[in-house]
1. Out of the residues in segment 285-325 that are of a type in the set (Phe, Trp, Tyr) and closer than 16 Å to residue 248 by Cβ, which is farthest from the chain's Cα centre (by Cα)?
2. Of the numbered conditions (1) in contact (Cβ under 8 Å) with a residue 60 or more places away in the chain; (2) out of contact with any helix residue (DSSP H, G or I) (no Cβ under 9 Å at 6 or more places or on another chain), residue 186 fails exactly one; give the number of that condition.
3. Could you grab the pairs with beta carbons closer than 9 Å, sequence gap of 6+ or different chains, first residue in segment 457-484 and on the phi > 0 side of the Ramachandran plot, second one among the hydrophobic types (A, V, I, L, M, F, W, C) and open to solvent by 30 Å² or more (accessible area, probe 1.4 Å)?
4. Conditions first: (1) farther than 28 Å from residue 63 by Cα; (2) at pLDDT 95 or above. Residue 391 passes all but one, so which condition is the exception?
5. List the helices (runs of 4 or more DSSP H) that sit entirely inside segment 261-333 and contain at least 2 residues that are open to solvent by less than 10 Å² (accessible area, probe 1.4 Å).
6. Just checking, does segment 446-457 include any residue being over 18 Å from residue 476 (Cα atoms), modelled with pLDDT of 95 or more and among the hydroxyl-bearing types (Ser, Thr, Tyr)?
7. Provide a single number: the residues in segment 35-47 that are more than 10 Å from the ligand (Cβ to nearest atom) and among the charged types (D, E, K, R).
8. So, in segment 425-452, exactly how many residues are exposed (fewer than 11 other Cβ atoms within 10 Å of the Cβ), under 23 Å from residue 409 (Cβ atoms) and not charged (D, E, K, R)?
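The values are calculated or read from the model by the stated rules, or taken from the named source; none is laboratory data. What you see is a predicted model; the values in this text were computed from it and never measured. Please note: Cβ atoms are built from the backbone with ideal geometry, for glycine as well, and neighbour counts cover all protein chains shown. Each accessible area value is taken on the protein alone, full model and side chains, heavy atoms only, with ligands, DNA and RNA left out. Shrake-Rupley method; radii C 1.70, N 1.55, O 1.52, S 1.80 Å.
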Amino acid sequence: MSVRVRFAPSPTGFVHIGSLRTALYNYLFAKKMGGTYLLRVEDTDRTRLVDGAIENMLHAMSWANVEHTEGVVLGEDGKVTQVGEYGPYIQSERLDIYKEYIKTLLEQDKAYYCFCSKDRLDKVRQVQKSEGKVPKYDGHCRGLSKEEIQAKIDAGQDYVIRLKLPANKEIKFNDMVRGTVKMNTNDLDDQVLMKSDGFPTYHFAVVVDDYLMKITHIIRGEEWISSTPKHVYLYEAFGWEAPTFVHLPNILNTEKKKLSKRHGDVAVEDFRKKGYFPEALVNYVALVGWSPEDNQEIFSMDELENAFDVKRVSNSGGVFDTNKLNWVSQHYMKDADDDELTKLCIPFLVETNMITKEEAQEDYDKIKAIVSLVKEGMHYAKEINEKVDVFFKDELKIEEQDALEFLKLEHMPTLYEALEEKISNMDEIQADLIKPMFKEIQKEHGIKGKNLFMGTRILITGQMHGPEIPHVVTILGKEEVLKRMSFVKQNYM
Ligand code: GLU
């Protein structure tokens, strides 16, 4: 039987980094096994729906290159559409299917109508809590006769359908990460399968769909492991073989708490907006909860597809550490194609008015040279702004105390005069002219070492650190270099 896995997000607005990881592991597992990876939309909780959420999610997945070949996809026109022979793949379009299967369970007395009001359920729960018990449905409607049920339906009473769990039955399943998991039905609730609005609950729909879509492995977040026994019972009740389960460890922050919005960036979109390369994010996310046999840390998608082994998924929480992500990301920045990186950086430069849209086109080669010069040490494209004021700001603002003090050193006026004279005499300033120029200044004025190099750097860039001066001056050009030096002299020396 060929492997079929699915990513089954609920369209609630944003794609958590944990969802990206779930999708990625499903994708990698399918690739590795030569199987199929599909995407199903679980939208049965009508209270949590957000407009445009499906599109956003599909965009996020396609940005990350975690592509599925079946299920809900974006069509060429950018609209949501579906492909595959097991559809529909959006649960709200499958209501008739769920009704059929609920009928089967009712007929076999494995499910029952429940007419309890919210008020009653709240009261039952309160009493149970006050008695120190774990709240669960008390089975009030389990024994209603056919006539009683019909009478209530005829009277227009709202109802739900609940699973009729047998008492004291051990439910067991094998999880590829967790090993054997056991639970007694006495510790489980008679789960609602169909809600009063006619929609199935997640628990019911997920089982019916995974069965009908011939899913062989369910790879999902650990938060679902406590629900799995109910699902396993449902498979049994229908007489279906349950798929294999793989529950992925939670993603924690560096303080070992569950990674949530309150602690900074957690949405795929946050990282896209900062200008991370998707390959970098995916590379890092793959390592949160999975480790390869050797200690390799930089993986292309192809390499991940080869190396990924679900047996090496950890059973304890994976830590999402932005520093580590940045470390991985630095590799991608460093190796990036200059055009690709420049195109990624330009919108950030335009957004902060460092350059105009027109300049982005007219001065493209210059911008590319700058990007190539400063890319080392960058983690994401948005950081470009901190790296390049020296090239784009007309007036250098020097704030660094050490730089300001350096400009007051005794030799600085002489250095200024010497630089000005030599640069003015050049036809055009070029990288290979700088070293000989420094040699001459050293010989003629006795200025050397830090006094010479740092002094020049501050005069031209206003900063004590940055890219190599010969490259900087080549990009700036003679006029600009002289203009900057003169500005620094007038304002800070
Ligand atoms: N709709 C569920 C979610 O958003 C899917 C859980 C599962 O994969 O079974 O997490």
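1. Here is the first cut: in segment 285-325, the residues of a type in the set (Phe, Trp, Tyr) are 290, 299, 308, 320.
The next check asks that each one be closer than 16 Å to residue 248 by Cβ; those that pass are 290, 308, 320.
On the way: 290: 16, 308: 19, 320: 11 Å.
That would be 308.
2. (1)
3. Every condition considered, the pairs that remain are 462/487.
4. (2)
5. 268-274, 278-287
6. Looking through segment 446-457, none of the residues is over 18 Å from residue 476 (Cα atoms), modelled with pLDDT of 95 or more and among the hydroxyl-bearing types (Ser, Thr, Tyr).
7. 1
8. Residues in segment 425-452 being exposed (fewer than 11 other Cβ atoms within 10 Å of the Cβ), under 23 Å from residue 409 (Cβ atoms) and not charged (D, E, K, R): 1 in total.
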